[in-house]
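What follows is a set of notes on a single structure, which appears directly below.
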Amino acid sequence: MIEPSELLRMLQSAFPGGDVQVEDLTGTRDHYRAVVVSEAFEGKGLIERHRAVYAALGDAMRSKIHALTLETKTPGERGRRLT
Amino acid sequence: MRDDVRSKIQGYIQSNRVLLFMKGTKQFPQCGFSARAVEALKRSGAEFETINVLSDPEIREGIKEFSNWPTIPQVYIDGQFVGGSDILLELFQSGELAKLVQPKS
């Protein structure tokens, strides 16, 4: 388990200047959805983007988080398709 | 990861053009993300094989190290790692997956 605030802090520090939202999908603090909007994703494919997020979470991803649904966008992409 | 586990994984990937490492089977997926991956592949017209990582703990951990990806399911097409459930769904929704799964003519 990981606190939403902790997950948010980890992602925000890994993507400075980015816009991060986290959502505890089941209330059990181990099934999360995270949306990360960052210029760091510019020119990167989905695999690279998701790997960057997994790298930022490190061991938490292996031990504390059971499921993590990701949405990784650049500021430009988010503007075009408002989800 | 032991060499025999690595070569077992390589063997699976090289002998199946479209391969899904999942929890459970096509008929009985044991996890929502794996079920969604099966659905996306089916709807994109893919002919694919599956490996049930629940029946082989060494593969279940080995594949994460092999592809440097911490979660299951994982999809390989033409020997290349394509992604997990999220990426598969995005590729499906954009129509990209249907192209990827077509055998190279």
Note to self: Can you find a residue that is away from every other protein chain (no Cβ under 12 Å), in contact with a strand residue (DSSP E or B) (Cβ under 9 Å, 6 or more places away or on another chain) and not in a helix (DSSP H, G or I) anywhere in region B:85-98?
What the structure shows: no
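For the subset of region B:3-36 comprising residues that are in a loop (DSSP other than H, G, I, E, B) and without any contact (Cβ under 8 Å) to a residue 60 or more places away in the chain, which member is surrounded by the fewest Cβ atoms within 10 Å (Cβ to Cβ)?
From region B:3-36, those in a loop (DSSP other than H, G, I, E, B) are B:16-17, B:23, B:25-28, B:30-31; that's our starting set.
Then keep just the ones that are without any contact (Cβ under 8 Å) to a residue 60 or more places away in the chain; that gives B:23, B:25-28, B:30-31.
Details: B:LYS23: 21, B:THR25: 15, B:LYS26: 16, B:GLN27: 7, B:PHE28: 10, B:GLN30: 13, B:CYS31: 17.
Here the residue is B:GLN27.
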Item checked: Matching option when the condition is more than 14 Å from chain A (Cβ to nearest Cβ) and basic (Lys, Arg), among B:ARG43, B:ARG36 -> B:ARG43
Next item on the list: Taking B:LYS104 as meeting all but one of (1) assigned to a loop (DSSP other than H, G, I, E, B); (2) within 14 Å of another protein chain (Cβ to nearest Cβ), write down the number of the exception.
Entry: (2)
Notebook entry, point to check: If you go through region A:12-26 one residue at a time, do you hit one that is more than 21 Å from B:GLU90 (Cβ to Cβ), within 14 Å of chain B (Cβ to nearest Cβ) and not charged (D, E, K, R)?
Noted result: yes
Next item on the list: Test A:ARG62 against the stated conditions and say whether it is in contact with a Pro (Cβ under 9 Å, 6 or more places away or on another chain), assigned to a helix (DSSP H, G or I) and either in contact (Cβ under 8 Å) with a residue 24 or more places away in the chain or within 12 Å of another protein chain (Cβ to nearest Cβ) (or both).
Entry: yes
Notebook entry, point to check: Name the residues in region B:59-84 that are farther than 23 Å from A:ARG33 by Cα, not in a helix (DSSP H, G or I) and not small (Gly, Ala, Ser), would you?
Noted result: B:TYR76, B:ILE77, B:ASP78, B:GLN80
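For A:ASP19, indicate whether it is of a type outside the set (S, T, N, Q) and over 11 Å from the mean Cα position of the chain (by Cα). Give the steps one after another, and end with the answer.
Values: of a type outside the set (S, T, N, Q): yes; over 11 Å from the mean Cα position of the chain (by Cα): no.
No.
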Check: Within region B:48-58, can one find any residue that is at pLDDT 95 or above and within 14 Å of chain A (Cβ to nearest Cβ)?
Finding: no
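Might you check whether a residue that is exposed (fewer than 15 other Cβ atoms within 10 Å of the Cβ), at pLDDT 95 or above and not polar (S, T, N, Q) occurs anywhere in region A:31-41? Write out each step before concluding.
Within region A:31-41, the subset exposed (fewer than 15 other Cβ atoms within 10 Å of the Cβ) is A:39.
Now narrow it down to the ones that are at pLDDT 95 or above: A:39.
Those still in the list that are not polar (S, T, N, Q) too: A:39.
Taking every residue of region A:31-41 in turn, at least one turns out to be exposed (fewer than 15 other Cβ atoms within 10 Å of the Cβ), at pLDDT 95 or above and not polar (S, T, N, Q).
Take B:GLY95 and decide whether it is among the small types (Gly, Ala, Ser) and within 27 Å of A:ARG62 (Cβ to Cβ). Give the derivation first.
Working: among the small types (Gly, Ala, Ser): yes; within 27 Å of A:ARG62 (Cβ to Cβ): no.
For B:GLY95, the condition - among the small types (Gly, Ala, Ser) and within 27 Å of A:ARG62 (Cβ to Cβ) - is not met.
Have a look at A:VAL37, A:VAL53 and point out the one that is more than 10 Å from chain B (Cβ to nearest Cβ) and touching a Lys or Arg at 6+ places or on another chain (Cβ under 6 Å).
Values: A:VAL53 fails: touching a Lys or Arg at 6+ places or on another chain (Cβ under 6 Å).
From the options A:VAL37, A:VAL53, the qualifying one is A:VAL37.
The values are calculated or read from the model by the stated rules, or taken from the named source; none is laboratory data. Being a predicted model, the structure only gives us computed values, none of them experimental. Cβ sites come from the backbone with ideal geometry, for glycine too, and all protein chains shown count toward neighbours.
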